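Some notes on the structure that comes next.
The values are calculated or read from the model by the stated rules, or taken from the named source; none is laboratory data. All values derive from a computational prediction rather than experimental measurement. FYI the Cβ positions are ideal-geometry reconstructions off the backbone, even for glycines, and counts take in every protein chain you see. Side chains included, ligands, DNA and RNA excluded: accessible areas come from the protein's heavy atoms. Shrake-Rupley method; radii C 1.70, N 1.55, O 1.52, S 1.80 Å.
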Amino acid sequence: MADVNPFKVAQKQLDDCAEILKLDSSVHQLLRQPMRELHVTIPVRMDDGSVKVFQGFRVQYNNALGPTKGGIRFHPEETVDTVRALAAWMTWKCSLLGLPLGGGKGGVICNPKELSQGELERLSRGYVDAIWQFMGPEKDVPAPDVYTTPQIMAWMMDEFSKLTGSNSFGCITGKPLCVGGSCGRNDATARGGMFTLREAAKELGINLKNATVAIQGYGNAGCYAAFLARDLFGCKVVAISDSKGGIYNENGLDIEAACTIKTETSTVANVTGVKRISNPELLELPVDILIVAALENVITNENAARIKAKVILELANGPTTPEADEILFKNGVHLIPDFLCNAGGVTVSYFEMVQNITRYAWTTEEVYQKLDERMTSAYHSVLGASKQYNVNMRKAAYTVAVSRVVEAVKLRGWA
Ligand code: GLU
């Protein structure tokens, strides 16, 4: 991962947008910084009886459009600047999808792979104990992100419910089905990305049947993306990778086998009978579609010029630096930017909130159809703006998303 500060990237992207939209300086300054940040210290009783102290953050970036919304990451390299950037991107994501929600993000510096289930539960509950006065359905609604799961959401919901003396399902999303989760939430990020891919393929005249796909990152988003690209469109997944390495077969991979090996040995790199490749090599393969579904800053000015894919799907948040964006745009690569491409997760989170409030559960088909409508409409509003301003898809997405937040900021009399 390149050594680039993600919050500086997010601010630079906003600055470019402010120039296109000719934003007032007061509004621009307001949108350049988070409105509120919590820095918390979480003591956790470990299994051996000792107490370990963890550091966590919750950044509530902007709530002009509604309660702040965004996931919580558990990651050993988490930094407050990463959380700030992710919270900013959540603000633009919710706005772009037309959701009545602001943007936020949380993080805890920890390595969940080294924690027992009991330690993980106590850490999850401890995080809620530290921030609960500032969260809730009308304030700030967390969700899963890197290395956090539906089970963790269930513990957090339960802790918040105990602290508030209520059964507050709507305080968090991405929960398991029987405690207020929504059908279709598990694969929502990948499925939403597929709807944008379908629209992009129509626009560019790409036949998705047998189109070759490389996927960097085989976690929740990347793994579902492999299956959906194959099952919905007949794409051929030729390469996948995770943090420990990748595999490649130009004739197509057995993605079921890769999943099994990943579950059993924790990495796809142990699949046999295929070529082993590194993460950087995967990005530069001669494929039609490149899906980046891992972490920030993987496409930079160092490798952007060597990318051969026609379409890039950013299922991860912040995978491409601003310099790399320019190079890709110049080379005619159609990049579907993160806060459009991966917005399916928060969109179904929003559906989950609505179902929690109304206590009426929707069917999987209803969720898919409503998700498709929102993703397709967002894709076309971004495509339209990119043609209108003659800018890349990321800048176009910014113009649509920021304009709505600016309107709300002005209507509320904040600037
Ligand atoms: N963590 C996901 C994202 O980055 C989902 C957020 C949510 O559902 O609130 O979009």
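Results for (1) among the small types (Gly, Ala, Ser); (2) touching a helix residue (DSSP H, G or I) at 6+ places or on another chain (Cβ under 7 Å); (3) under 25 Å from Asn342 (Cβ atoms), shown as yes or no for each residue.
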| position | (1), (2), (3) |
| --- | --- |
| Glu138 | no, no, no |
| Tyr147 | no, yes, yes |
| Pro150 | no, no, yes |
| Ala154 | yes, yes, yes |
| Phe169 | no, yes, yes |
| Gly174 | yes, yes, yes |
| Leu177 | no, no, yes |
| Gly180 | yes, yes, yes |
| Asp187 | no, yes, yes |
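Every test in (1) open to solvent by less than 10 Å² (accessible area, probe 1.4 Å); (2) of a type in the set (Gly, Ala, Ser); (3) away from the ligand (no atom under 16 Å from the Cβ) is passed by Ala316 save one, and that test is (3).
Quick grid of which residues meet (1) in contact (Cβ under 8 Å) with a residue 12 or more places away in the chain; (2) open to solvent by 30 Å² or more (accessible area, probe 1.4 Å):
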| site | (1), (2) |
| --- | --- |
| Thr189 | yes, no |
| Asn207 | no, yes |
| Gly234 | yes, no |
| Lys262 | yes, yes |
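Report whether or not Glu37 is assigned to a strand (DSSP E or B) and among the acidic types (Asp, Glu). Yes; evaluated as a whole, the condition is true for this residue. Residues in the stretch 393-415 that are open to solvent by less than 10 Å² (accessible area, probe 1.4 Å), within 19 Å of the chain's Cα centre (by Cα) and farther than 18 Å from Leu328 by Cβ: Ala401, Val402. Of the residues making up the stretch 371-402, those that are more than 30 Å from Arg185 (Cα to Cα) and either outside any loop (DSSP other than H, G, I, E, B) or touching a residue at least 60 places away in the same chain (Cβ under 8 Å) (or both) are Lys387, Gln388, Tyr389, Val391. One residue stands out in the stretch 162-178 among those that are open to solvent by less than 10 Å² (accessible area, probe 1.4 Å) and without any contact (Cβ under 8 Å) to a residue 60 or more places away in the chain: the one that is nearest to the ligand (Cβ to nearest atom), namely Ile172.
For residues that are in a strand (DSSP E or B) and hydroxyl-bearing (Ser, Thr, Tyr), scanning just the stretch 43-102, find the one that is farthest from the ligand (Cβ to nearest atom). It comes out as Tyr61.
Would you confirm whether or not the stretch 360-367 contains a residue that is under 18 Å from Met194 (Cβ atoms), surrounded by fewer than 23 Cβ atoms within 10 Å (Cβ to Cβ) and within 20 Å of the chain's Cα centre (by Cα)? Scanning the stretch 360-367, I find at least one residue that is under 18 Å from Met194 (Cβ atoms), surrounded by fewer than 23 Cβ atoms within 10 Å (Cβ to Cβ) and within 20 Å of the chain's Cα centre (by Cα), so the answer is yes. For the residues Ile357, Ile289, Ile327, the requirement of being more than 18 Å from Ala188 (Cα to Cα) and surrounded by 23 or more Cβ atoms within 10 Å (Cβ to Cβ) singles out Ile289. For the stretch 343-364, a tally of residues being out of contact with any Phe, Trp or Tyr (no Cβ under 9 Å at 6 or more places or on another chain), polar (S, T, N, Q) and within 14 Å of the ligand (Cβ to nearest atom) returns 2.
Only a single criterion out of (1) more than 23 Å from the chain's Cα centre (by Cα); (2) surrounded by 14 or more Cβ atoms within 10 Å (Cβ to Cβ); (3) without any contact (Cβ under 8 Å) to a residue 24 or more places away in the chain is not satisfied by Thr272, namely (2). The set of residues from the stretch 292-313 being crowded, with 18+ Cβ neighbours inside 10 Å and either among the hydrophobic types (A, V, I, L, M, F, W, C) or not in a loop (DSSP other than H, G, I, E, B) (or both) comprises Val292, Ala293, Ala294, Leu295, Val298, Ile299, Ala304, Ile307, Ala309, Val311, Ile312, Leu313.
Looking at the stretch 110-133 only, could you name the residues that are surrounded by fewer than 20 Cβ atoms within 10 Å (Cβ to Cβ) and within 16 Å of the ligand (Cβ to nearest atom)? Selection gives Pro112 alone.
Just one of the listed residues (Val346, Val405) is touching a Cys at 6+ places or on another chain (Cβ under 8 Å), in a helix (DSSP H, G or I) and either on the phi < 0 side of the Ramachandran plot or not aliphatic (A, V, I, L, M) (or both), and it is Val346.
Picking from Val238, Val213, which residue would you name as being out of contact with any helix residue (DSSP H, G or I) (no Cβ under 9 Å at 6 or more places or on another chain) and either open to solvent by less than 10 Å² (accessible area, probe 1.4 Å) or touching a residue at least 12 places away in the same chain (Cβ under 8 Å) (or both)? Result of the check over Val238, Val213: Val238.
A single member of Ala130, Ala143 is outside any helix (DSSP H, G or I), modelled with pLDDT of 95 or more and of a type in the set (Gly, Ala, Ser), and it is Ala143.
For the stretch 40-78, filtered to residues that are closer than 18 Å to Pro112 by Cβ and aromatic (Phe, Trp, Tyr), the residue that is surrounded by the fewest Cβ atoms within 10 Å (Cβ to Cβ) is Phe54. The criterion of being at pLDDT 95 or above, within 16 Å of the ligand (Cβ to nearest atom) and of a type in the set (Val, Ile, Thr) does not hold for Val402.
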